[in-house]
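Working notes, beginning with the structure itself.
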């Protein structure tokens, strides 16, 4: 994503309000949360509400995928499980494993770059306890939403403070965008490393 694309995302968040921010957070939480944090710094939104909506969007997505697995277990696994190596025997052993180590499994699933959606569906399909699922998912989501909400907010405050003193504001915007993207890709890299270590 370029500097202009991130600025466009900030304008999109400003122009569409909390509800569409919630829908966007459902699909791509970190970058949209950072953009909403910038909008909050510029006075368009409340940072507290932005962070709460980011958490709610992420948890809602998790619950949707969990529910698909929970209610679609028979259809999905019986009909299509064989194509990906999920036999009934493997499902039973996976179910035991997830009940014993659900925290580790959920951390790996949510922090891995590729497997969150099928992994969350899998957790639902083995009928993992919903309260435990929500609790662990919240513990993973909360720091991520805080990090990107605050990062966007303080980047927006820096822009607001220094834009009057610096003649080249496009350079400042480019710098802020780079900082947010370095944090985003750093988060992805660290998350993938943590997930790998837990495996």
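Restricting 171, 124 to residues that are in contact with a helix residue (DSSP H, G or I) (Cβ under 8 Å, 6 or more places away or on another chain), part of a helix (DSSP H, G or I) and either surrounded by fewer than 17 Cβ atoms within 10 Å (Cβ to Cβ) or at pLDDT 65 or above (or both) narrows the list to 124. Taking the range 32-52 as the range and being surrounded by fewer than 24 Cβ atoms within 10 Å (Cβ to Cβ) and either within 14 Å of the chain's Cα centre (by Cα) or outside any helix (DSSP H, G or I) (or both) as the test, the residues that pass are 42, 43, 44, 45, 46, 51, 52.
Taking the criterion of being closer than 18 Å to residue 25 by Cα and surrounded by 15 or more Cβ atoms within 10 Å (Cβ to Cβ), the residues of the range 135-145 that qualify are 137, 140, 141, 142, 144, 145. Residues being part of a helix (DSSP H, G or I), at negative phi, surrounded by 13 or more Cβ atoms within 10 Å (Cβ to Cβ) and at pLDDT below 70 are entirely absent from the range 101-115. Being within 20 Å of the chain's Cα centre (by Cα), in a helix (DSSP H, G or I) and either under 30 Å from residue 71 (Cα atoms) or modelled with pLDDT under 85 (or both) is the requirement here; does residue 161 meet it? Here the answer is no, as residue 161 does not meet what is asked.
The values are calculated or read from the model by the stated rules, or taken from the named source; none is laboratory data. Since we're looking at a predicted model, the values are computed, not measured. Glycine also receives a Cβ, built like all others from the backbone with ideal geometry; neighbour counts cover every protein chain displayed.
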